[in-house]
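K.L.:
I'd like to ask you about the structure that follows.
Throughout, read-outs are computed from the coordinates displayed, never taken from laboratory work. Every value quoted in this text rests on a predicted model; they were computed, and no experiment measured them.
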Amino acid sequence: MLWRLLGREQDVMDAYQDCFCKLAAREHGRDLANARAYAYRTAANIAIEMLRVRKRRTAHWPAIVVQRTDAQTGDRGEGDTEGHFERLRDAIGQLPAHLHNVVVLRDLSRMPYKEVGRTLGIDPATARVYRRHAVVKLAELLSEGDAS
């Protein structure tokens, strides 16, 4: 089933490993009515999540590759560096407040996640998740700006 869903050996092996780790982490005091069905369903859920992640990465990959290529070659595209900074500033300004605050504190002020969490009254892990959401949203906003 994993081979049919994922199609890549490395992904299949990762899914197997995740499945057996989840099974090993289960509480031993609780008996499973059908361990085989539980393992099959767990593996299917892991594979579906891997496909979702792959789809999200594929959707955002072209924007990331173009930005990396421009940075590596020094190509400034159609505008100068100041124009890129201005577009980035505008995109950061369009973020929701909770994402905006994390980006400003973490990326612009170079605060560690622990400090960001303490400053905003959130858990450091939540700050990491917010930053990830912010980066994805910024990629979307900047790619929309390129299209127009």
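K.L.:
Taking 0.36 nm per residue of sequence separation and subtracting the Cα-Cα distance, how much length would be gained by fully extending the chain between Asn34 and Glu49, in nm to one decimal? Write out the running numbers ahead of the final one.
P.N.:
Numbers: separation 15, 0.36 × 15 = 5.40 nm, distance 2.29 nm.
Extending this stretch completely gives an extra 3.1 nm.
K.L.:
Further, regarding this structure: On alpha carbon coordinates alone, what is the Rg over Rh value for the stretch 1-55, Rh being the Kirkwood radius? Kindly include the intermediate steps, with their values, before the conclusion.
P.N.:
Numbers: Rg = 11.9 Å, Rh = 11.7 Å.
Here the Rg-to-Rh quotient is 1.02.
K.L.:
Oh, and also: Take every Cα pair under 8 Å in the stretch 76-148 that's 6+ residues apart, average their separations, divide by the length, and report that relative contact order as a whole percent.
P.N.:
32 percent
K.L.:
Cross-link partners among lysines for Lys55, C-alpha distance below 26 Å, same-chain residues fewer than 8 apart left out?
P.N.:
Partners found: Lys22, Lys137.
K.L.:
Along the stretch 91-108, what does the Karplus equation 6.51 cos²θ - 1.76 cosθ + 1.60 (θ = phi - 60°) give for ³J(HN,Hα), rounded to whole Hz, x for Gly and Pro?
P.N.:
Along the stretch 91-108, the couplings run 5, 4, x, 7, 5, x, 3, 5, 6, 4, 4, 5, 4, 5, 6, 7, 8, 8 Hz.
K.L.:
Could you name the lysines whose alpha carbon sits less than 21 Å from that of Lys114, not counting residues in the same chain fewer than 8 places away?
P.N.:
Lys114 reaches no qualifying lysines.
K.L.:
Go through the stretch 12-20 residue by residue and turn each phi into a ³J(HN,Hα) via Karplus (6.51, -1.76, 1.60, θ = phi - 60°); whole Hz please, and just put x for glycine and proline.
P.N.:
5, 5, 4, 5, 4, 4, 4, 4, 6
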